[in-house]
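Read the structure below first, then the notes.
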Amino acid sequence: MSKDTLYLLYGDEKFLLDTAVKQTIRKLSDGANLEPEIIEGSLEELPHLTDALQTTSMFSAGRLVIVQDKDLLSAKRQKAIDKKPAEKKPADEEAIENADSDNDEDEDEDGDESDEAEERERAVEQLIAALQNIAPGTRVIFTARRIDLRKKLAKWIKQHAKVEEFKALNY
């Protein structure tokens, strides 16, 4: 895989990022009939993304896969922002609920989190393998506002892609 196949465009300056994405699409499409496909970069879409990377286009000279990052490359957002504040319960009700709950539930929650982390790790490994074996004629553009270089996928893409960062202008 060459760096002409994989692109990472990211940054806080949305206008410059959008402009660079359009220019990159134009540059890659120049003279070639590429079939564009936009995919949301989330854990749920990873199977679809891996299929898109490994499938050869039947009706055009190539394929252009644009991955719009949701949580693949960036740090997880705080879930507290999306949730409504919890209702206050009287102290008596809380004491009764706490006495009735078993410690087993806490262990199950920890187990679910580790299972989810393992599933995510497997999915990321499969995506990296798919990125190493991209179908001929396929070009991939990853876009993101921010990337978390602690993540394995973000490190791998930054190492193997043409990278452009668009920092916010500070006055």
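General remarks:
- If you plug the beta carbon distance of Q54 and E13 into 1/(1 + (r/R0)^6) with R0 = 25 Å, you get a FRET efficiency near 0.15.
- Simple spin-label estimate for D112 and L169 in nanometres, 7 Å along Cα-Cβ: 4.7
- In this structure, the pairs whose alpha-carbon distance is over 21 Å, taken from K14/K158; K22/K151; K14/K152; K27/K70; K70/K151, are K22/K151; K14/K152; K27/K70.
- Each label was represented as a point 7 Å from its Cα along the Cα-to-Cβ direction; for Q126 and L149 these points are 3.0 nm apart.
Read-outs throughout are calculated quantities, based only on the coordinates presented, and are distinct from any laboratory measurement. Because the structure is a prediction, the values reported are computed rather than measured. Here the Cβ is made from the backbone with ideal geometry for all residues, glycine too, and neighbour counts use every protein chain on show.
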